[in-house]
């Protein structure tokens with residue numbers, strides 16, 4: 001793992017299982033109103049990471065990509081708080097973004113993770129954890145995590161300690 005600065009880390013995951021485990025670590029740390037942006041091409045590992053985040057959040061539901069439904073909700077078993085999982089792959093026009101009620105979710109009381117966040121970047125709150133995933137090989141994926149606000153920097157710091165002990 002390379003710590004580039006307080007706001008950014010880079011590392012390589014060696015398997016789908018490792019990507020999922022890292023997601024679990026991150027999901028365990030999430031609080032209401034945290035925003036995770038999962039960016040990367042098809043096959044980059046976004047859904048594996050999201051599956052782990054949901055598990056760490058504490059949902060009893062299987063996390064799947066909401067490509068055709070746009071939004072999935074995952075209540076936490078312990079307290080019923082919602083983790084929203086948004087997939088913006090099919091959103092292209094500004095009108096699409098506004099008609100589906102994303103602002104209510106983005107600025108609501110739940111935690112949120114978004115796949116294809118670059119498609120709605122203008123709507124996103126400033127404070128967010130941007131996770132860029134890229135394909136390295138059949139089993140390896142590069143992850144770059146960048147915090148863009150005080151809460152996301154705190155979340156990144158907690159994640160570094162939880163996942164890597166630093």
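The values are calculated or read from the model by the stated rules, or taken from the named source; none is laboratory data. Computed from a predicted model, the values in this text were never measured in an experiment. Reconstructed Cβ throughout: ideal geometry from the backbone, glycine too, with neighbour counts over all protein chains shown.
Restricting the stretch 129-157 to residues that are more than 23 Å from residue 47 (Cβ to Cβ) and more than 15 Å from the chain's Cα centre (by Cα) leaves a set whose member that is surrounded by the fewest Cβ atoms within 10 Å (Cβ to Cβ) is 150.
Restricting attention to the stretch 16-36, does a residue exist that is at pLDDT below 90 and touching a helix residue (DSSP H, G or I) at 6+ places or on another chain (Cβ under 6 Å)? No, the stretch 16-36 contains no residue that is at pLDDT below 90 and touching a helix residue (DSSP H, G or I) at 6+ places or on another chain (Cβ under 6 Å).
Conditions (1) buried (at least 18 other Cβ atoms within 10 Å of the Cβ); (2) at pLDDT 90 or above; (3) touching a strand residue (DSSP E or B) at 6+ places or on another chain (Cβ under 9 Å), marked per residue:
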| residue | (1), (2), (3) |
| --- | --- |
| 90 | no, no, no |
| 96 | no, no, no |
| 107 | no, no, no |
| 111 | yes, yes, yes |
| 121 | no, no, yes |
| 124 | yes, yes, yes |
| 127 | no, yes, yes |
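For the stretch 26-38, the criterion of being touching a strand residue (DSSP E or B) at 6+ places or on another chain (Cβ under 9 Å), touching a residue at least 40 places away in the same chain (Cβ under 8 Å) and more than 20 Å from residue 106 (Cα to Cα) is satisfied by no residue at all.
Set side by side, the residues 104, 127, 158, 79 differ, and just one is more than 21 Å from residue 19 (Cβ to Cβ) and touching a helix residue (DSSP H, G or I) at 6+ places or on another chain (Cβ under 7 Å), which is 127.
Filtering the stretch 31-55 to residues that are more than 10 Å from the chain's Cα centre (by Cα) and closer than 12 Å to residue 143 by Cα leaves 40, 44, 45. Going through (1) free of Cβ contacts under 8 Å to residues at least 60 places away in the same chain; (2) touching a helix residue (DSSP H, G or I) at 6+ places or on another chain (Cβ under 6 Å); (3) closer than 25 Å to residue 14 by Cα one by one, residue 115 falls short only on (1). All of (1) assigned to a loop (DSSP other than H, G, I, E, B); (2) in contact with a helix residue (DSSP H, G or I) (Cβ under 9 Å, 6 or more places away or on another chain); (3) under 15 Å from residue 29 (Cα atoms) hold for residue 139 with one exception: (3). The requirement of being in contact with a strand residue (DSSP E or B) (Cβ under 9 Å, 6 or more places away or on another chain), modelled with pLDDT of 95 or more and not in a helix (DSSP H, G or I) is fulfilled nowhere in the stretch 47-55; no residue meets it.
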